[in-house]
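Colleague: Below you'll find the structure I mean.
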Amino acid sequence: MKDTRLLMGMPITVEIADPESTLDSLSEVFAYFHYVDEKFSLYKNTSEIAQINHRKLPESQYSPDMKTVFALCEETKKLTDGFFDIKHSGRLDPSGLVKGWAIHNAAQKLRHHGYRHFYVEAGGDIEVAGLSSRHQPWQIGIRNPFNIRQIVKVVALTNGGIATSGTYFRGQHVYNPKKFHRPITDILSLTVIGPDIYEADRFATAAFAMGRPGIEFIESLPGFEGYQIDNQGVATFTTAFNRYLSDAKDY
Amino acid sequence: MKKTFIAGFVVVSFVAYAFLEQVKSWGFGDDSTLPPSRSNSAPNPNLTTLNSGSSPKPQTAAGHFKNGQYTGDSTDAFYGNVQVRVTISSGKITNVQFLDYPQDRDRSLAINTVAMPQLTSEAIQAQSANVDVVSGATATSQAFVQSLQSALNQAQ
């Protein structure tokens, strides 16, 4: 059973391969993403994060989820030498962490319902569990940043998360007007595989911001593998990335 | 409180890592859990287009625009806004500049990469395998296309 909805400004797909899956379970997952969007969207004035940024909500009244996300952001900032930072121009923006966190929580809801074979995908970030309906590990393509209709790699995952950060625009200068007007042109995408999508996504986000050394940061993290594509179409990958390749034979 | 949290995380991470390594040694190392190998890594002859401009350029950009600079709408990519400015010369797009982009991470610190192992590189190649799902940064590119389209609308 599989369904796709447009939520949080992106397509979200849930597929459950367990034979006894119900529509209610899918609906519950989508309802959860709707809840997250209502709470964490920077673009909805009624969201809690917008209320916080408008100084309309004192810290003592933050919801448990908001406190959790802030604590996770703080921890991630420390783990990434400050490359992950939610404070910008006096505003708090935890959305770089919320997406992976929400996907992982959605996957946990499915696990609590007893499902063992599924994936949850939001905007190209995925958490998988068990096997696909073809009774094999989930086959996940890594998108070609030069041509979004192509894939350049297929990885096989049974349990874990895979996230891609990227610009996908070759030869164009990406500037951050709030910072140093430093163009980011050399790296187009960085895909990270980790124990779950929350872990994979937050480190993909931080490592991508590091530019070319990002893949070395992923290499330094135990339990994570990465595949980085530069603007010349050259991919650089971590030492054990190959073990996830769909056609790997050497282990 | 914070220290306890971090210390707790370190312990949990260590245990989780040990567990993962254990799982890898039982599970993913076992050939029986592998998918059947496939011949999906054959080079695709179409790939010569990779380095010759197959990046997503707007289809409508063929010489119909008025010269000047146009700023697109700021478009929500969830991670932040994307906003572009296009420059049209001789009726064609000659430059696309990002005015805003969800690069909201501090980049002021250098990463210490002492004694890193040599990483492997390869030229990317398109694959023709059937996949269940695709990982990629789509949300931002859709916002890019929207902002670019709104800039080009002004250049009509």
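The values are calculated or read from the model by the stated rules, or taken from the named source; none is laboratory data. From a predicted model like this one, the values you see are computed outputs, not experimental measurements. In this analysis, Cβ positions are derived from the backbone assuming ideal geometry, glycine residues included, and neighbour counts consider all displayed protein chains. Remember, those area values only see protein heavy atoms, side chains included, never the ligands or the DNA or RNA. Shrake-Rupley method; radii C 1.70, N 1.55, O 1.52, S 1.80 Å.
Colleague: Using the structure shown, select from A:LYS39/A:LYS77; A:LYS67/A:LYS153; A:LYS78/A:LYS109; A:LYS78/A:LYS153; A:LYS87/A:LYS109 the pairs with a Cα to Cα distance greater than 26 angstrom.
Modeller: Pairs exceeding 26 Å: A:LYS67/A:LYS153; A:LYS78/A:LYS109; A:LYS78/A:LYS153; A:LYS87/A:LYS109.
Colleague: Show A:LEU26, B:LEU119 ordered by accessible area, largest first, where the area counts protein heavy atoms only and the probe is 1.4 Å. Working shown, then result.
Modeller: Working: A:LEU26 0, B:LEU119 25 Å².
Ranking A:LEU26, B:LEU119 by accessible area, largest first, yields B:LEU119, A:LEU26.
Colleague: Would you tally the net charge around A:GLN51, using a Cβ to Cβ cut-off of less than 11 Å, leaving A:GLN51 out, and scoring K and R as +1, D and E as -1?
Modeller: Net of charged neighbours comes to +3.
Colleague: Ok, one more. Which residues' amide hydrogens lie under 5 Å from the amide hydrogen of B:ILE93, considering only partners 5 or more residues apart or on another chain, with H built in the peptide plane?
Modeller: B:GLY63
Colleague: Sticking with this structure for a sec: To check my understanding: the extent here is largest minus smallest coordinate of the Cα atoms along each principal axis. What are those three numbers for region A:1-112, in Å, largest first?
Modeller: Each principal axis gives a Cα extent; for region A:1-112 these are 48, 32, 24 Å.
Colleague: Work out, step by step, the length gained on full extension between B:LEU119 and B:THR87: first 0.36 nm times the residue separation, then minus their alpha carbon distance; give nm to one decimal. Please report the intermediate quantities before stating the final value.
Modeller: Numbers: separation 32, 0.36 × 32 = 11.52 nm, distance 3.89 nm.
Net length gain for the segment: 7.6 nm.
Colleague: Now a separate question. How many partner chain Cβ atoms sit within 10 Å of a residue's Cβ in peptide A:157-166, on average, as a whole number? Don't jump to the answer; show the numbers that get you there.
Modeller: Numbers: counts 4, 5, 4, 2, 1, 2, 3, 5, 6, 6.
Mean partner shielding for this stretch: 4.
Colleague: Oh, and also: How much length, in nm to one decimal, is gained on full extension between A:ARG149 and A:ARG212, taken as 0.36 nm per residue of separation minus their Cα-Cα distance?
Modeller: The span from A:ARG149 to A:ARG212 would gain 20.2 nm if fully extended.
Colleague: Taking beta carbons within 10 Å but only from partner chains, what does the mean come to for residues A:32-40?
Modeller: Neighbouring Cβ atoms belonging to other protein chains average 0 per residue here.
Colleague: Shifting gears a bit: Averaging sequence separations of C-alpha pairs under 8 Å and six or more residues apart, then dividing by the length of region A:8-76, give the relative contact order as a whole percent.
Modeller: Details: 31 pairs, mean separation 11.4, N = 69.
Taking the mean separation of contacting Cα pairs over the length of region A:8-76, I get 17 percent.
Colleague: Here is a follow-up. Estimate for me the total accessible surface buried between chains A and B (protein heavy atoms, probe 1.4 Å, no ligands or nucleic acids), in Å² to the nearest 100. List each step's numbers first, then the result.
Modeller: Details: alone 13070 and 12980 Å², together 18050 Å².
Accessible area lost upon association: around 8000 Å².
Colleague: Once you keep just the Cα pairs under 8 angstrom separated by 6 or more residues, what percentage relative contact order results for chain A?
Modeller: RCO, chain A: 15 percent.
Colleague: Can you pull the mean other chain C-beta count within 10 Å for peptide A:122-133?
Modeller: That average works out to 3.
Colleague: Still on this structure, I have one more. What FRET efficiency comes out for the pair A:LYS44/B:SER128, r = Cβ-Cβ distance, R0 = 56 Å, nearest 0.05?
Modeller: 0.85
Colleague: Stretch A:THR4-A:SER133 to full length: gain in nm at 0.36 nm per residue minus the Cα-Cα span?
Modeller: 44.7 nm
Colleague: While we're on this one: Heavy atoms only, probe 1.4 angstrom, no DNA, RNA or ligands counted: give me A:ASP230, A:ASP3 ranked by accessible area, highest first.
Modeller: Details: A:ASP230 15, A:ASP3 45 Å².
Final ranking, largest accessible area leading: A:ASP3, A:ASP230.
Colleague: A further question on this structure: Classify chain A from the C-alpha gyration tensor, please: rounded if a/c falls under 1.5, else prolate or oblate depending on whether a/b exceeds b/c.
Modeller: Note, shape of chain A comes out oblate.
Colleague: Right, something else. Order the following by accessible area, largest value first: A:PHE84, A:PHE70. Probe radius 1.4 Å; ligands, DNA and RNA are ignored.
Modeller: Result, largest first: A:PHE70, A:PHE84.
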